[in-house]
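One structure is given here, and the rest of the page talks about it.
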Amino acid sequence: MESLGAFLKSRRDRVTPAEVGLRTYGTSRRVPGLRREELAHLAGVSAGYYTRLEQGQAETASRQVLDALARALRLDPVETVHLHNLARQPAMPRLSEPRQEQPHPRVLALLESLGEAVPAVVLGRRGDVLAWNLTGHALKAEHIAFDAPQDPARRPSIPRMFFLDPLTRDLHRNWHELARIHVAFLRLTAGRYPTDARLAELIGELTMRSDDFATLWAAGDVADCTVGTMHLQHPTVGAVSVDYQVWLQPDSPDHRLEIYTPNDPSSADALRILAHQVGEEQAHSPRESAE
């Protein structure tokens, strides 16, 4: 999905000599960022060794070398983690079919304890919806069947929806900002799980079917996704601004419980209306009436 050498080159291209205190003396340069020998000098390794590392011809680099490269490239903590993840994987990782993901009972208990006042969604490692409460479903994807996450073959994929579903795109007023975050987090995930065949299939599908995804993926950004803001234009309750925050679960670190809280009084009112609406619909559903 991404090699150590490709990531190093993309980061090297982004750092100018001036940013790291190197003088160029007005000489013309054929590369947009640092030359290989310049980065090797800054990291304290030989130019030959660094060239082999970038070309995938060297043995695995030590933690000390990787940390030195991260400092020279001015990587942030998440990018540094990604660098180490890529260095640990084999040059040609063999893809394997992962087991179907199932949300941990403690995660489901926590989701249930939130009730319907707080919209919430449980996401798997590839962004599949493993579970959601009624308001989480109504806020994020009311055009999809509520019970879809119960069947692994029908589970909604947030990345697929984000880039391939026009209704999801129209829902997000800050779609471009969130799209960049989605792709950067997917790259971080790919570094953690280089042999996940379904993850590789997802990235390949989105690259082929979405020009926006392909452009963002080629940019090479990597980032975690734990907090942020979504500005929505909801088809039922109108403009809503919410913060999302992710709760990670020790029993199932691949799974993320994402909750949404309002940013202003009008958004709080909109979420209350949404919660009331889904409560009314649940109360009058055929299943409930039959009981």
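Just so you know, all these numbers are worked out from the coordinates, no wet-lab data involved. Source: prediction; values computed, not measured. Glycine also receives a Cβ, built like all others from the backbone with ideal geometry; neighbour counts cover every protein chain displayed.
Can you work out the base-10 log of I(q)/I(0) for the stretch 4-88 at q = 0.11, 0.12, 0.20, 0.24 1/Å, using the Debye formula on its C-alpha atoms alone?
-0.26, -0.31, -0.88, -1.26
Given N residues in the stretch 139-278, what is Rg(Cα) / (2.2 N^0.38 Å)?
1.09
Report relative contact order for the stretch 1-131 in percent, whole number only (criteria: Cα-Cα under 8 Å, sequence separation at least 6).
21
Using the basic label-point model (7 angstrom from Cα toward the beta carbon), what is the LEU22 to GLU112 distance in nanometres?
5.9
So for the chain, Kirkwood radius off the Cα pairs, Stokes-Einstein at 10 °C and 1.306 mPa s: how many µm² s⁻¹?
Using the Kirkwood radius from Cα pairs, D works out to 75 µm²/s.
So if we plug the beta-carbon distance of ASP76 and LEU248 into 1/(1 + (r/R0)^6) with R0 = 22 Å, what FRET efficiency do we get, rounded to 0.05?
Rounded to the nearest 0.05, the efficiency is 0.70.
Given the Cα-Cα distance of GLN150 and GLU97 and 0.36 nm per residue of separation, how much length would full extension add, in nm?
Between GLN150 and GLU97, full extension yields an extra 17.1 nm.
May I ask which residue of ALA120, GLY191, ALA6 lies farthest towards the positive end of the charge dipole of the chain, with charges of +1 (Lys, Arg) and -1 (Asp, Glu) on Cβ and the Cα centre as origin?
ALA6
Ordered by packing density, taken as the mean number of other Cβ atoms within 10 Å over each peptide's residues, highest first, how do 246-254, 12-20 rank?
Ranking the peptides 246-254, 12-20 by packing returns 12-20, 246-254.
When the helices in the chain are scored as -39500 (n - 2.57) per DSSP H run of 4 or longer and the sum is shared across all residues, what 222 nm value do you end up with, to the nearest 500 deg cm²/dmol?
-14500 deg cm²/dmol
Mind checking the dipole of the stretch 144-277: about its Cα centre, +1 per Lys or Arg Cβ, -1 per Asp or Glu Cβ, Debye to the nearest 20?
120
Could you give the length gained by full extension between ALA214 and HIS143, i.e. 0.36 nm per residue of separation minus their alpha carbon distance, to one decimal place?
So the chain would gain 23.0 nm between ALA214 and HIS143.
Percentage of Cα-Cα pair distances in the stretch 146-220 greater than 14 Å, rounded to whole percent?
64
For the stretch 206-291, restrict the atom set to alpha-carbon positions and state the Rg and Dmax in Å.
Expressed in Å, the Cα Rg and Dmax of the stretch 206-291 come to 18.1, 54.
Can you list which of the chymotrypsin sites (Phe, Trp or Tyr not before Pro) found in the stretch 185-217 are DSSP loop residues with at most 11 other C-beta atoms within 10 Å?
Listed in order of number, the matching sites amount to none.
For VAL227 and LEU167, compute 0.36 nm times the residue count separating them, minus their Cα-Cα distance, and round to one decimal in nm.
19.3 nm
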